[in-house]
Amino acid sequence: MTQPKTDVTPSRSSVVTLAILALASVWSGCQEPVEEAPAPLRPVRSAVAQPAGAGVITAIAGVTQASAESRLSFRVSGSLLSLEVAVGQRVARGAVLATLDPADLEIQVEQTEASLAQVIALERQSRAEFDRVRALYENNNASKSDLDAARAASESATAQDEAARKTLEQAQRQLGYSTLVAPTSGAVVSVDAEENETVSAGQTIVVLASGAQPEIELAVSEVTIPYLSVGDSVDVEISAAAPGRLEGTVSEVGVAASPGASTFPAIVRLDDAPPTVRSGMAAEVYVTVNRSEEGVVVPFVAVGEDARGRFVFVVEEQDANVAVVERRGVEVADIHAGGIVITAGLEAGERVVTAGTRRLVSGMRVKNDFANS
C-alpha cells in the first residue's frame, strides 16, 4: 500500500520569522555593551571633632530690643480723643503722644472748686464765730464750754478747707493725666489703641523704645548658662541688619529659670551697633564654652544609637568633595554646651557626619562639602 507524502516545505511565515531572528542576533552582536551610569553620591555634611578641653563655640538665638522700652498708658480712664504719633516716628522728651476727652475731668475740677468755695466760706464764718466767743469769754460773758465749741468748729472748718484743697489738687492732676507725653526721647515701636476707643487706666497705648545701645534678649539653656558671666565679650550676628559679626558684652545673667520654662534669661549689649539694627530682629550670639575634661566634642546630631549602641559615621576624604564613611562605635560621657562629649572611639581632628546620616553604611562613598563644614 502506498503511503501518502508528507509536505516538509516550511511555510512562508516561518521563513520570515527565522530571518528576523537571525538579523536581530547579528545586530545585537555588533552592538557595544552599555555601561550602567554610576549611582549619584549621597551628599552629607560633616564637622571636625574638637578636644573637650578646648574652647567650643555655641550659638544662642536671641531677639534685639531697645535698651529701654516703655509701655506708656494713661493714669485715668476715658475716651481716646486723639493719637499724635505713628509707628516708627521719633519723638522728643515731653512730646504729646495721645489725649483723652477731658470733659468729665473738667467737670470734676469745677465741682471740687465749688466745694472748696463753700468750705472757705464756712471756715471764715467759723473763725469769726470763734473770735467773737473768745472775746466774750475774756469779758466773762461766755462759758468755757462755749469757747471750746467755737474753737472746735473753727478747727474743723480749717481741716475741711485743707481737705477740699487736696481734693481740688487731685482733680486737677487727674485732668493733667488726660494728656500722655513722652517721658524720654525715642522711637515709637507700636500704637495699641484707636481714636474714639474707651481705654482704661494702665492700658498700654504706645510702646516707646529709647536708649543709645540696642540689646539682645536671650533664653539660655541650663547647660550653657554656667559659661556666661556679666562683662564677657561675645560675637553677635544679625544677618538682617549688618554683614559679618558685631561685638557685644554680656550685661545681665539670670540666676533663676524663667517662669514656665527651663531656660535662663540673659541680656547682651551691643557695643557699637549700626543704625540698621532695630527691635525685634533675629540674632545669634556666639559663646565660647570651655571644658577641662578629656575626650572630644561633636555636634548633637552626629551621634546615633541603635541596637548595637551609640555610633558616629567618620568621614575619610578621598579626593575633592568625595569621601568614604565608616561607622564607628563610641562611648558618650556627658552633654556639652557645644555638643556631646565622646571619651572612646573617636579622636580629635576626625570628621563626623552631621547631616545625611540616614541609610549610610560603612564603606559608602559620599559627597561632602569640606569647604563649608
If we keep just the residues of segment 255-281 that are over 15 Å from GLU222 (Cβ atoms) and in a strand (DSSP E or B), which is modelled with the lowest pLDDT? LEU270
Which residues, taken from segment 140-169, are among the polar types (S, T, N, Q) and either touching a Ser or Thr at 6+ places or on another chain (Cβ under 7 Å) or touching a residue at least 12 places away in the same chain (Cβ under 8 Å) (or both)? SER154, SER156, THR158, GLN160, THR167
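Filter segment 338-354 down to the residues that are hydrophobic (A, V, I, L, M, F, W, C) and modelled with pLDDT of 80 or more, then identify the one that is surrounded by the fewest Cβ atoms within 10 Å (Cβ to Cβ).
Step one: filter segment 338-354 for residues hydrophobic (A, V, I, L, M, F, W, C), giving 340-342, 344, 346, 348, 352-353.
Right, trim to modelled with pLDDT of 80 or more and you get 341-342, 344, 346, 348, 352-353.
Values: VAL341: 20, ILE342: 27, ALA344: 11, LEU346: 22, ALA348: 15, VAL352: 26, VAL353: 25.
Only one residue fits best here, namely ALA344.
Could you pull out the residue among VAL325, VAL297 that is out of contact with any helix residue (DSSP H, G or I) (no Cβ under 9 Å at 6 or more places or on another chain), within 22 Å of TYR227 (Cα to Cα) and either crowded, with 23+ Cβ neighbours inside 10 Å or at pLDDT 80 or above (or both)? Walk me through it before giving the result.
On the way: VAL325 fails: within 22 Å of TYR227 (Cα to Cα).
Every option except VAL297 fails the conditions.
Please list, ordered by residue number, the strands (runs of 3 or more DSSP E) wholly in segment 196-251 having 3 or more residues that are surrounded by 13 or more Cβ atoms within 10 Å (Cβ to Cβ) and over 17 Å from the mean Cα position of the chain (by Cα).
Numbers: elements: 204-210, 215-220, 233-237.
Strands (runs of 3 or more DSSP E) meeting the threshold: 204-210.
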Could you check how many residues of segment 80-117 are part of a helix (DSSP H, G or I) and loosely packed, with under 13 Cβ neighbours inside 10 Å? 5
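Taking GLY62 as the residue in question, decide whether it is in a loop (DSSP other than H, G, I, E, B) and either acidic (Asp, Glu) or out of contact with any Cys (no Cβ under 8 Å at 6 or more places or on another chain) (or both).
Taking the combined requirement at face value, the residue does not satisfy it.
Okay, residues lined up against (1) within 30 Å of SER200 (Cα to Cα); (2) exposed (fewer than 12 other Cβ atoms within 10 Å of the Cβ); (3) in contact with a helix residue (DSSP H, G or I) (Cβ under 9 Å, 6 or more places away or on another chain):
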| site | (1), (2), (3) |
| --- | --- |
| ARG132 | no, no, yes |
| TYR137 | no, no, yes |
| ASN140 | no, yes, no |
| SER143 | no, no, yes |
| GLU155 | no, no, yes |
| ALA163 | yes, no, yes |
| LEU168 | yes, no, yes |
| ALA171 | yes, no, yes |
| THR179 | yes, no, no |
Taking segment 182-225 only, how many residues are within 17 Å of ALA61 (Cα to Cα) and not aliphatic (A, V, I, L, M)? 6
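The values are calculated or read from the model by the stated rules, or taken from the named source; none is laboratory data. Because the structure is predicted, anything quoted here is derived from the model rather than measured. FYI the Cβ positions are ideal-geometry reconstructions off the backbone, even for glycines, and counts take in every protein chain you see.
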